[in-house]
Structure formats: C-alpha cells, structure tokens
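The values are calculated or read from the model by the stated rules, or taken from the named source; none is laboratory data. These figures come from a predicted structure and were not determined experimentally. Methodologically, a virtual Cβ is constructed for each residue, glycine included, from the backbone with ideal geometry; neighbour enumeration extends over all protein chains shown. Remember, those area values only see protein heavy atoms, side chains included, never the ligands or the DNA or RNA. Shrake-Rupley method; radii C 1.70, N 1.55, O 1.52, S 1.80 Å.
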Amino acid sequence: MAKITFITSDNETHIVEGDSGSVMELAVNNGIQGIDGDCGGVCSCATCHVHVSPEDISKTGEASEIEKDMLELDDNADAYSRLGCQLAISDALDGIVLRVAK
Amino acid sequence: MKKSKLQDPFEQARINKGYGEMNDQDDPVVMLLCHKDVRKSAHNYKTFISGATPGRIVVPSEVNIRDTRQVPFELDPPEHGKFRALVEPWFKRPLQSEYQEQLKEQIYTAINTVLSTGTVEVVNEFSLPIQSHALTLLLNIPFSEAETWISWGTHVFRSEETALDGDKAAILYDYIDEQIEHAIQHPGEDLYSVLLASEVDGRKLTKEEVKGVMVLTFAGGRDTVINAVTNSIAYFAEHPESLERLRNEPEIIGNAVEELMRYFSPLTQMGRVVTEDTQVCEHAIKADSRISLCWASANRDASVFERPNEIVLDRKINPHVSFGFSHHNCLGATHARQIMKTLIAALAEKVDSIEIVDYKENVEDLDEFQRKVGYEKIHVKFNSLTK
C-alpha cells in the first residue's frame, strides 16, 4: 500500500492510497482535479502531468525517453516532471508528494 | 487478411527526406511526415498558425466554400485558450455515467439491428447512424434530429464527384443558421443555447462565433468517426481472434481504442500557415505558405513505434497523434473515445464473427501519395454470438 499526496493547482492537498495500477488511475479514481488521463495511460495525451517533490525523485526514478519527448513539448515541464500514467504504484512510492501541473 | 489493412504510403518519403509535397488548389502544402517534427510544429503556434483565412489550414483547403471561422480551431493563443476553456467542460460530458448509459443504449440497439439483418452496408447503415445518434448526445438535443443528418449522406463537404462541394457545405451552414435562430427564440439546454448564453472577455459570444463552434462540431466529428467505426468493423471481420481476446480481457479495451486510432488515423493531416521564412527537415519554407502535420505518417514512424504497421491491441506505450497534439488537440476526442470503447465492448459481447461481402476503398489523392482512409462502401454480414 502506498500513500500518495496530490497538491492541485488551487493548492488543495489530497492524500490517497493505492496498491496497484498507475498514479494517473489513482488520481482519476479519486477525482483529483487537473489529472484527466484522456488516453487511458498509453503516454499519448499528457493530461496526467505531475511535478514530483525534489526529495522524492529517488523513489519515482526518471522519465523514459518517450515520456521525456512528450514532456519536452509541455510548457510547464521541469526537471521534476513525470506523467502519472508511467508511474506504477508500489510500496516504493509510499509517502511521495506530487504537485499537479494543470 | 488485407481487406482491412491500411498501408503506410509515407514510409519512403519519411525516411528519405522527412516531408512530402502536395499541390492543393494552387496553394501548395509541405507535409511534415516525422513524428518529432509533427509534434514540435503543432506546438509552435507562433511560426505555424491556425488563425489564418478561414478554411485555409484544412487540406484540401476550404477557403472557397467557407467564410465562417471555426472556433476554437482556427484561432491561436491567447484568443484560442479563452474559447477552448469555455467549451471544454461541455465536451468532457462523455465522461458522465448518464451520457455513457445513453450512448451504450444507442450502440447496442445499432448492433442488435445489424445482427437481425442480412447483409449490411456498414458506412451508410451502421457507422453514419451511430455517429449521428451519438451527436445528439454531444449537442444535448432530441434523438430524432439525427434523421436529418443521416439524410445528408456521409460527406458534409464532399460528394462522390468532387473533393469539395460548395452546395453540400451550404446545406450544413444554412441548417446551423436556422438552429441558432431557433435557439435564440426558444433557449434550452442544448449546445446552441449554452453557447449563446456564454461570455468571453465579459461579452456574449456573437452569432458568428456560435456558428463557428457548431460548424467545427459537425464537420470535425463526421467523416472521422465514420471512418474509425467502419475501419474497426473491417478489422474485426478479418481478426475474429481479436474480438475473442477483447471478450476475455475487457481491461485492454482502452489500449485497443488508442491502438486502433493510431493505426486508422481517421484524419490524415491538418495544415498550418507559416508566419516567417523557416525550415523543416532542411527544407526551406516561405512565409505565408502552408505546411501540414501529417498525423497518419507520424503514427507509423518506426523511430517511435515498434512494429508500426501492425495492430498490437494491448500496446502499452502509444504516443500517437490521431487526435492531434498540443494546443489544438481534438475537442471531440472524449466523445470519440467513448464511442469507440462502447462499440468495441458491444461487439465483443454480441458478435461472433463478421464476413466481408464486398467493398470499395476510399482513397485520398494527396498528389505524391495515395492514402486509403476507409471505405466508400463495405457490405458485411454480422453473425451473432448467441445463435
């Protein structure tokens, strides 16, 4: 079980728990504002963009090349950007804080 | 196994030079073919604009048959963003369960009908009715209105003789004018009325802007949805094993929809007008000329997609551009995806097999390239799972 904190663009904090699927699915299922997951998680739409807290980057790891290519063309992207659909939920993600980009 | 196949006519040009050239009504187009160039140029709205003369960014150009600016489609940021934000919540309604239930009922009815009929011509007797009936949900108007749209036939701007038909286009524009006048007299909860009551920059939308959104909604979601649905039927006819897999693994339906959309690329390309002398793929492009973002080619780019010419139903990473990319990505995508998901789930549940009887391909003439985008006609026989 991983406890994940989402901070939405209106500065609301939501703490939700999950044990399978992706961060995008967890957010959509919990109605986190700004995470749409339009393409269902195949890295095609970038509507699940989050900024990982700098101290949590070691837990999430880096974006893959295809994910980076997608984020490169997102004006809000930075070194801490990830797509939620590419973050598989596991115990390793327990306690991370994600800021929703949109 | 090749009736349902959609070849990639762009491969050699994409590998050798990265672009193609098309003369469209004496307003030539440089077609960008590589995934990376297509996405970068779609994102660069300053050099490659959408807010040109209405109709010019469409390929083939519609400048001779249309004066109304499609909104938000033919606007650039920041104007574009205001209109997009205004209409976006409405176009996300397909995520609501009530909408999904109604769509499901429509599509199950359509499938039950073809299962109890002999041979069916899919384009006119299946895809067009599904598309038209679903549009009544998107517009939030009575189901019966679809009969009018079905009577227009498959193409709003095209007839069998010509790629662009001004008389046919006028039918749509006159119809929308009438509907707007009707909504002014009798406001309701339909899209026309909602738009007429909306404000941008503290002022009401003009009639022309309302018309612009409606023309976009009608035109953008017609041939594209019809081709996606028809191509899906042809594919499942030749791949009953895929239908069976989706029956056993409904959890991959979402992936399958994205993959079918990648493979079919129902909209081949979309243009932009160039604002300054620039170059793409080491090819010089002059200010006030046109480029196009060739979604269909980008979706077969082997540097991005493994086995690009195969349908891999559960493809995990699939950064396709079938719904465009960046600022102008498809406003109707949520609706289209919901149609496709519902259709596939229903086919898997109800249909055992589909036999193709005969067909005539719909091939776009792009000068340098000939691209099959779907079918003019395709007769099939649907066989029920529970006989």
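Going by the alpha-carbon gyration tensor, a ≥ b ≥ c the square roots of its eigenvalues, is region B:145-291 rounded (a/c under 1.5) or, if a/c is not under 1.5, prolate (a/b greater than b/c) versus oblate? Can you show the working numbers first?
Working: a/c = 1.78, a/b = 1.21, b/c = 1.47.
Since a/c reaches 1.5 but b/c is at least a/b, the shape of region B:145-291 is classed as oblate.
What nm value, rounded to one decimal, do you get for the distance between B:S303 and A:L73 when each label is placed 7 Å out toward the C-beta?
Label-label distance for B:S303 and A:L73, simple model: 1.3 nm.
Starting from the Cα of B:K207, draw a straight line to each of the lysines and keep only those under 22 Å, dropping any in the same chain fewer than 8 residues away.
By straight Cα distance, B:K207 reaches B:K82, B:K168.
Quick one: which residues, 5+ away or cross-chain, put their amide H under 5 Å from the amide H of B:I285? H built at 1.01 Å from N.
Close amide H contacts, sequence-distant or interchain: B:T278, B:Q279, B:V280.
Using a 1.4 Å probe, what is the accessible area per residue for chain B, in Å²? Please report the intermediate quantities before stating the final value.
Numbers: 16010 Å² over 387 residues.
Accessible surface, normalised per residue, equals 41 Å².
Once phi is turned into ³J(HN,Hα) by the Karplus curve 6.51 cos²θ - 1.76 cosθ + 1.60 with θ = phi - 60°, what whole-Hz value does each residue of region B:82-91 show in order, with x for glycine and proline?
5, 6, 5, 4, 5, 8, 4, x, 4, 7
Which number comes out as Rg/Rh for region B:1-46 once both Rg and the Kirkwood Rh are worked out on C-alpha atoms?
On the way: Rg = 13.5 Å, Rh = 12.4 Å.
Reported Rg/Rh, Kirkwood definition of Rh: 1.08.
How much net charge surrounds B:Q279 when only the other residues with a Cβ under 12 Å from the Cβ of B:Q279 are counted, with Lys and Arg +1 and Asp and Glu -1?
Numbers: positive: B:K286; negative: B:D37, B:E276, B:D277, B:E282.
In short, -3.
Using the scaling law 2.2 N^0.38 Å as the reference, what is the normalised Cα Rg of region A:2-100?
0.94
Share of Cα-Cα pairs in the protein assembly as shown beyond 44 Å, in percent? Write down the numbers at each step before the final one.
Numbers: 13462 of 119316 pairs.
Taking all Cα-Cα pairs of the protein assembly as shown, the fraction more than 44 Å apart is 11 percent.
In whole Hz, what ³J(HN,Hα) sequence does region B:362-379 give by Karplus (6.51, -1.76, 1.60; θ = phi - 60°), x for Gly and Pro?
Here the 3J(HN,Hα) series is 9, 10, 7, 9, 10, 6, 5, 10, 10, 10, 6, 10, x, 10, 6, 8, 8, 8 Hz.
Each label point is 7 Å from the Cα along the Cα-to-Cβ direction; what then is the distance between the points at B:T109 and B:E249, in nm?
In this crude label model, B:T109 to B:E249 measures out at 3.4 nm.
Can you give the average number of partner chain beta-carbon atoms within 10 Å of each beta-carbon in peptide B:332-340, as a whole number? Please report the intermediate quantities before stating the final value.
Values: counts 0, 3, 2, 0, 0, 3, 0, 0, 0.
If you average over the peptide's residues, the count of other-chain Cβ atoms is 1.
Which of the lysines could a cross-linker span from B:K381 if the Cα-Cα distance has to be under 30 Å and same-chain partners fewer than 8 positions apart are dropped?
B:K2, B:K3, B:K5, B:K104, B:K341, B:K350, B:K360, B:K372
Starting from one equal scatterer on each C-alpha and no solvent at all, send me the Debye-based log10 I(q)/I(0) for region B:66-122 at q = 0.20 Å⁻¹, two decimals.
-0.79
Sort out for me the Cα centre separation of region B:173-231 from region A:50-87, rounded to whole Å.
For region B:173-231 versus region A:50-87, the Cα centre distance is 38 Å.
Provide, as a two-decimal number, the C-alpha radius of gyration of chain B over 2.2 N^0.38 Å, N being how many residues it has. Please report the intermediate quantities before stating the final value.
On the way: Rg = 20.4 Å, N = 387, 2.2 N^0.38 = 21.2 Å.
After normalising by residue count via 2.2 N^0.38 Å, the value is 0.96.
Under a straight-distance cross-link criterion of Cα-Cα below 24 Å, which lysines are reachable from A:K59, leaving out those fewer than 8 residues away in the same chain?
Excluding near neighbours in sequence, the set is A:K3, A:K68, A:K102, B:K316.
If I take every Cα pair under 8 Å that is 6 or more residues apart in chain A, average their sequence separation and divide by the length, what percent do I get for the relative contact order?
Working: 208 pairs, mean separation 44.0, N = 102.
Once normalised by length, the contact order is 43 percent.
Scan around B:S384 for amide H atoms under 5 Å from its own, H built in the peptide plane at 1.01 Å from N, and keep only partners 5 or more places away or cross-chain.
B:D352
Once phi is turned into θ = phi - 60°, what whole-Hz ³J(HN,Hα) does the Karplus curve with 6.51, -1.76 and 1.60 give for every residue of region B:332-348, x standing for Gly and Pro?
x, 4, 4, 5, 4, 5, 5, 4, 5, 4, 5, 4, 5, 4, 5, 4, 4
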